[in-house]
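Enquirer: Below is a structure I'd like to ask you about.
The values are calculated or read from the model by the stated rules, or taken from the named source; none is laboratory data. This is a predicted model, so every value here is computed, not measured. A quick note on method: Cβ atoms are made from the backbone with ideal geometry, for glycine too, and the neighbour counts reach across all protein chains shown. Remember, those area values only see protein heavy atoms, side chains included, never the ligands or the DNA or RNA. Shrake-Rupley method; radii C 1.70, N 1.55, O 1.52, S 1.80 Å.
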Amino acid sequence: MVTQAYTEAQSRTRSLGTPSVPQTLIRIGMGLTIAFFSFLGVYRQHPPAAAPASSPPTEFSAGRALQQLAEICEQPHPIGSLAHAKVRDYLLKELTAQGLNPEVQTTTAVNPVWKGEFRAGTVENVIAKLPGTANSKAVMLVGHYDSVPSGVGASDDGAAVVALLETLRALRSGPALKNDVIFLFTDGEEAGLLGANAFVSEHPWAKDVGVVLNFEARGNSGPTLMFETSNQNGWLIREFARSAPHPLAHSLAYEVYRLLPNDTDLTVFKRASLPGLNFAFINGLTRYHTQLDNINELDPRSLQHHGSYALALARHFGNVDLRNPREPTAIYFDLLGSTLIHYSGAWVLPLTVVTTLAFAGLLFLGLRRKRLTISGLAWGFVALLSSLIVAPAIVTLLWNLILRFKDVAGVRGQGEAYQSNLYFISFVALSLAVTSTLYIFFRRKASIQDLTTGALLIWLIILWVASLLVPGASYLPTWLLLFSLPALACMVLAKEAPASSLKFAGLLILSALPALILLVPVIYQTYVGLTLRIIGGVIVLLVLLLGLLIAHLTLISAGRKWPLPGAMSMIFLGFLGAAIFASDYDAQQPKMDTMMYGLDAATGKSIWATGDGRADEWTARFFRGGKIQVGPLREFFAANSTRPFAFVTTATVPLAAPNITVLDDTKADGGRSMRLRITSARDAPVIAVYLDSATAVREFAVNGKSVQVTPASGFNEVNNSWSVRYYNLPPEGIELAMEIKSPAAIKLRVVDQSYGLPQSDNAGGPRPSGLIPSSYPFNDSTLVSKSFVF
């Protein structure tokens, strides 16, 4: 097919003829090269080897950090629990042992969450400072030490906590730094970024921070990615590139992250205009927020990558001037984790114009010399466009059909499965089979140079869209197009095939390397980050990659049409069969379920309820003998809640209801001011207050912390969406002050929540092997609700 790109006599045969031995070697070499760099692009998405506990004292050692992690992760330690207090005290002891003077910042924090929903709590941040010799501004290392109730949090965020402790130990073993280093162990991150909010709002050290390094996890393995930065990050990226070991980062990641409904503590620090970088490892989502997030499941190499970043960057930023760490936003990307390329965002449009002019020049010359045709370019454009539609659509449809007819082990709201990798490989093979089959048809309509140029035209459109709308993503189409142009020039400008096909093959390989080195890791990271739930988007990226390899795959196929789609179809069937066969639940692949007990103290109605789509052998025990109903539980959640639960009424367990005491109630100027004391008679750690009246809260304060309720908060008085949920409720309760728009009577509903289920004759007993509690849509909990009208 490549010969046809240059030789008019063979323009309709679409065949390279019988290959000679050298040509066969060239094709084998090109195939192996593409396979090798594709493999390398994925292989380099692995963290560095874990250093043993015997490593030199000035180095970070995952082996030493794991010893501390065993102390922290003995049991779940959500905010307000006894285990949480034990972890807090352990941190104080370890920081003191390192010669620091740690403190606990105990305060009330309030944070808006979503459309009139607010989170609040009594937080206990643990903070310590390693003084520098000539401080400009401080480097602040951050990790949160609370866990979710359903897991011990070895990865999220115990790995960050012990990474900071081991970094402190290593720093004290080496030369003193110029700048102060603040170690902030935030509280209440899982409850709604409460500790970070408290630090920036109230702690005096917040104004001294020059750069924030926040460490997170959304899985139990994989490399630590630097996936988010603050604005005006040019200086930060340049310094990161100088100092980060095994850097894995690109500006496209943050463009994608901004579209996701996710937040970390860095969100709060960025709102406070603090420069910062965000790090996380994200492989193994099935372990996230479950009992599987334990020390045995954590990959020590991921912990090592966390620590290697923390130590290297603390040392680097600890010895530079941090008083003005802002420059125009940078575009950046790593080369297989070995180095970071970066340049100013001001170069985006000039590079886009240069790339466009170069492509337009080749297009003009190709048409003038009749190596390209208008109709052929149209077919080339349509070929890739149709592949971008058909392949993702088929894969998405197949995945949805699998989920419809099989309860795939591990799949929950995020879309991850225990055997996701097997499914992913099968879907990649299917996409290759579909795309190569489509191109068999289009190769009858256009020459290879037309198909290649038409595909690059789509890449040019992507370049302009990225440059104007998401400049952080522009590096991919820019550099992939630029490196594709020399091979395209050879294809459309040569009067006949080069004297040696080896030269052209070499040029093709050089044009493919940037695509394989830059785009293959992005495809893999996108799959890991967005999971099979967004598999269609991942396949779009894969097909775009194939659009850059049309000439390469044609040369490899040597004019044979069906070996590639046939081989890919066999691989697809084999891996799909293996994935389905291995997708059953068992002790190694446990199923997650939920159960709650709810008591409406006003009516005396009690229920068992689950948020799972169907009852399993354990949750069914709670429903025995009862009539199963399905619907929202507005007695216990927001009045506008629509989420369905399966529930049955049950015998009432005698539990004391939460209470509201009116401290002050004043009506004036067409509104109403109320001051209330809200308590839990059964000392529940969490309490929520819902406004069930069609009026607006203009302002409120929790324990004196005032919050303006603005349209930006998302309050909708028609839908009654105002609520505040308080974590780590003190024995004396909380004081809630409210400024209400109307003087009319209002209805407030208070729901307190404790972790675990009450003892009852209808209780299901312990979970069987192969079942574990889920954190979504809630943990195993006991809720007691009571409404009050004032």
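Enquirer: Does segment 1-19 hold any residues that are open to solvent by less than 50 Å² (accessible area, probe 1.4 Å) and either assigned to a loop (DSSP other than H, G, I, E, B) or at pLDDT 80 or above (or both), and which are they? I'd like the intermediate steps shown before the answer.
Expert: Step one: list which residues in segment 1-19 are open to solvent by less than 50 Å² (accessible area, probe 1.4 Å), which gives 1-7, 11, 14-17, 19.
Scanning segment 1-19 gives 1, 2, 6, 7, 11, 14, 15, 16, 17, 19.
Enquirer: Would you mention how many residues in segment 242-251 are open to solvent by 30 Å² or more (accessible area, probe 1.4 Å) and in a helix (DSSP H, G or I)? Steps first, please.
Expert: From segment 242-251, those open to solvent by 30 Å² or more (accessible area, probe 1.4 Å) are 242, 245-246; that's our starting set.
Now restrict to residues that are in a helix (DSSP H, G or I): 242.
Summing the residues that are open to solvent by 30 Å² or more (accessible area, probe 1.4 Å) and in a helix (DSSP H, G or I) in segment 242-251 gives 1.
Enquirer: Is it fair to say residue 280 is loosely packed, with under 14 Cβ neighbours inside 10 Å and either at pLDDT 95 or above or of a type in the set (Ser, Thr, Tyr) (or both)? Explain how you work it out, then say what you get.
Expert: Details: loosely packed, with under 14 Cβ neighbours inside 10 Å: no; either at pLDDT 95 or above or of a type in the set (Ser, Thr, Tyr) (or both): yes.
For residue 280, the condition - loosely packed, with under 14 Cβ neighbours inside 10 Å and either at pLDDT 95 or above or of a type in the set (Ser, Thr, Tyr) (or both) - is not met.
Enquirer: For segment 710-761, enumerate the residues that are among the acidic types (Asp, Glu), at pLDDT below 95 and either in a strand (DSSP E or B) or open to solvent by less than 30 Å² (accessible area, probe 1.4 Å) (or both). So that I can check it myself, show each step before the final result.
Expert: Applying the first criterion (among the acidic types (Asp, Glu)) to segment 710-761 yields 717, 732, 735, 739, 752, 761.
If we keep only those that are at pLDDT below 95 as well, we get 717, 739, 761.
Matches in segment 710-761: 739 only.
Enquirer: Could you go through segment 295-305 and let me know if any residue there is surrounded by fewer than 20 Cβ atoms within 10 Å (Cβ to Cβ), in contact with a helix residue (DSSP H, G or I) (Cβ under 8 Å, 6 or more places away or on another chain), of a type in the set (S, T, N, Q) and not in a loop (DSSP other than H, G, I, E, B).
Expert: no
Enquirer: Looking only at residues in segment 616-633 that are buried (at least 17 other Cβ atoms within 10 Å of the Cβ) and in a loop (DSSP other than H, G, I, E, B), which one is modelled with the lowest pLDDT?
Expert: 616
Enquirer: Hey, another quick one. Anything in segment 587-615 that is open to solvent by less than 60 Å² (accessible area, probe 1.4 Å), under 17 Å from residue 646 (Cα atoms) and touching an Asp or Glu at 6+ places or on another chain (Cβ under 8 Å)? List them, or say none.
Expert: Hits for segment 587-615 are 593, 594, 595, 596, 598, 600, 606, 610, 612.
Enquirer: For segment 641-674, give me the residue count where each residue is open to solvent by 70 Å² or more (accessible area, probe 1.4 Å), assigned to a loop (DSSP other than H, G, I, E, B) and in contact with a Pro (Cβ under 7 Å, 6 or more places away or on another chain).
Expert: The total comes to 3.
Enquirer: Kindly indicate whether residue 677 is open to solvent by 60 Å² or more (accessible area, probe 1.4 Å), touching a residue at least 24 places away in the same chain (Cβ under 8 Å) and over 30 Å from residue 585 (Cα atoms). Lay out the reasoning, then the answer.
Expert: On the way: open to solvent by 60 Å² or more (accessible area, probe 1.4 Å): yes; touching a residue at least 24 places away in the same chain (Cβ under 8 Å): yes; over 30 Å from residue 585 (Cα atoms): yes.
It is true that residue 677 is open to solvent by 60 Å² or more (accessible area, probe 1.4 Å), touching a residue at least 24 places away in the same chain (Cβ under 8 Å) and over 30 Å from residue 585 (Cα atoms).
Enquirer: Considering only residues of segment 667-699 that are touching a Lys or Arg at 6+ places or on another chain (Cβ under 7 Å) and of a type outside the set (Lys, Arg), which is farthest from residue 600 (Cα to Cα)? Before the answer, list the steps.
Expert: We begin by selecting, within segment 667-699, every residue touching a Lys or Arg at 6+ places or on another chain (Cβ under 7 Å); these are 671, 686, 688, 690, 692-693, 695-696, 698.
Going one step further and asking which of them are of a type outside the set (Lys, Arg), we end up with 671, 686, 688, 690, 692-693, 695-696.
Values: 671: 30, 686: 16, 688: 14, 690: 14, 692: 15, 693: 18, 695: 24, 696: 25 Å.
Once the filter is applied, the top-ranked residue is 671.
Enquirer: Please enumerate the residues belonging to segment 300-341 that are under 23 Å from residue 59 (Cα atoms) and of a type in the set (A, V, I, L, M, F, W, C). Talk me through it step by step, then tell me what you get.
Expert: Here is the first cut: in segment 300-341, the residues under 23 Å from residue 59 (Cα atoms) are 300-320, 337-340.
Matches in segment 300-341: 303, 310, 311, 312, 313, 314, 317, 320, 340.
Enquirer: Counting only residues that are touching a residue at least 60 places away in the same chain (Cβ under 8 Å) and farther than 27 Å from residue 420 by Cβ, which one in segment 579-606 is nearest to the chain's Cα centre (by Cα)?
Expert: Ranking the qualifying residues of segment 579-606, first place goes to 596.
Enquirer: Of everything in segment 554-565 that's touching a residue at least 24 places away in the same chain (Cβ under 8 Å) and assigned to a helix (DSSP H, G or I), which residue is nearest to residue 775 (Cα to Cα)? Can you show your working first?
Expert: Let us first name the residues in segment 554-565 that are touching a residue at least 24 places away in the same chain (Cβ under 8 Å), namely 554-559, 561-562, 564-565.
Now narrow it down to the ones that are assigned to a helix (DSSP H, G or I): 554-557, 564-565.
Working: 554: 50, 555: 52, 556: 49, 557: 50, 564: 44, 565: 42 Å.
Among them, the one singled out is 565.
Enquirer: While we're here: Of everything in segment 179-203, what is farther than 23 Å from residue 729 by Cβ and touching an Asp or Glu at 6+ places or on another chain (Cβ under 9 Å)? Give them in sequence order.
Expert: 179, 180, 182, 184
Enquirer: Right, next: Any residue at all in segment 684-694 that's at pLDDT 95 or above, in a loop (DSSP other than H, G, I, E, B) and more than 19 Å from residue 112 (Cβ to Cβ)?
Expert: yes
Enquirer: Still on this structure, I have one more. Quick check on residue 620: is it under 19 Å from residue 407 (Cα atoms) and out of contact with any strand residue (DSSP E or B) (no Cβ under 6 Å at 6 or more places or on another chain)?
Expert: Values: under 19 Å from residue 407 (Cα atoms): yes; out of contact with any strand residue (DSSP E or B) (no Cβ under 6 Å at 6 or more places or on another chain): yes.
So residue 620 passes the test.
Enquirer: Can you list the strands (runs of 3 or more DSSP E) lying wholly within segment 92-147 that have 1 or more residues being out of contact with any Gly (no Cβ under 7 Å at 6 or more places or on another chain) and within 23 Å of residue 687 (Cα to Cα)? Walk me through it before giving the result.
Expert: Working: elements: 103-114, 117-130, 138-144.
Because the criterion is at least 1 residues that are out of contact with any Gly (no Cβ under 7 Å at 6 or more places or on another chain) and within 23 Å of residue 687 (Cα to Cα), the strands (runs of 3 or more DSSP E) in segment 92-147 that meet it are 103-114, 117-130.
Enquirer: Sticking with this one: Any idea how many residues of segment 262-277 are under 14 Å from the mean Cα position of the chain (by Cα) and among the β-branched types (Val, Ile, Thr)?
Expert: Summing the residues that are under 14 Å from the mean Cα position of the chain (by Cα) and among the β-branched types (Val, Ile, Thr) in segment 262-277 gives 2.
Enquirer: Name the pairs: first residue in segment 680-702 and closer than 26 Å to residue 778 by Cα and among the polar types (S, T, N, Q), second residue open to solvent by 10 Å² or more (accessible area, probe 1.4 Å) and part of a loop (DSSP other than H, G, I, E, B), Cβ to Cβ under 7 Å, at least 6 apart or on different chains?
Expert: Going by the 7 Å Cβ cut-off, the qualifying pairs are 680/729; 693/720.
Enquirer: Please specify each residue of segment 470-511 satisfying the condition of being at pLDDT 95 or above, surrounded by 21 or more Cβ atoms within 10 Å (Cβ to Cβ) and of a type outside the set (S, T, N, Q).
Expert: Correct list: 472, 473, 475, 476, 477, 480, 481.
Enquirer: Sticking with this one: Would you confirm, using the coordinates I've provided, whether residue 332 is in contact with a His (Cβ under 6 Å, 6 or more places away or on another chain), surrounded by 14 or more Cβ atoms within 10 Å (Cβ to Cβ) and modelled with pLDDT of 95 or more?
Expert: Working: in contact with a His (Cβ under 6 Å, 6 or more places away or on another chain): yes; surrounded by 14 or more Cβ atoms within 10 Å (Cβ to Cβ): yes; modelled with pLDDT of 95 or more: yes.
Yes; evaluated as a whole, the condition is true for this residue.
Enquirer: Run down 428, 382 and say which single residue is touching a residue at least 40 places away in the same chain (Cβ under 8 Å), under 24 Å from the mean Cα position of the chain (by Cα) and within 24 Å of residue 557 (Cα to Cα). Give the steps one after another, and end with the answer.
Expert: Details: 382 fails: under 24 Å from the mean Cα position of the chain (by Cα).
Criteria check complete, one pass: 428.
Enquirer: What about residue 346, is it open to solvent by 60 Å² or more (accessible area, probe 1.4 Å) and part of a helix (DSSP H, G or I)?
Expert: Numbers: open to solvent by 60 Å² or more (accessible area, probe 1.4 Å): yes; part of a helix (DSSP H, G or I): yes.
So residue 346 passes the test.
Enquirer: For segment 648-663, how many residues are free of Cβ contacts under 8 Å to residues at least 24 places away in the same chain and either in contact with a strand residue (DSSP E or B) (Cβ under 6 Å, 6 or more places away or on another chain) or small (Gly, Ala, Ser) (or both)?
Expert: Initially, segment 648-663 is screened for residues free of Cβ contacts under 8 Å to residues at least 24 places away in the same chain, giving 654, 661.
Still in the list and also either in contact with a strand residue (DSSP E or B) (Cβ under 6 Å, 6 or more places away or on another chain) or small (Gly, Ala, Ser) (or both): 661.
Count: 1.
Enquirer: Among residues belonging to segment 52-87 that are in a helix (DSSP H, G or I) and over 23 Å from residue 314 (Cβ atoms), point out the one that is most open to solvent (accessible area, probe 1.4 Å).
Expert: As a first pass, look at segment 52-87 and keep what is in a helix (DSSP H, G or I): 62-72, 82-87.
From what's left, over 23 Å from residue 314 (Cβ atoms): 70, 82-86.
Values: 70: 51, 82: 160, 83: 12, 84: 2, 85: 26, 86: 110 Å².
Only one residue fits best here, namely 82.
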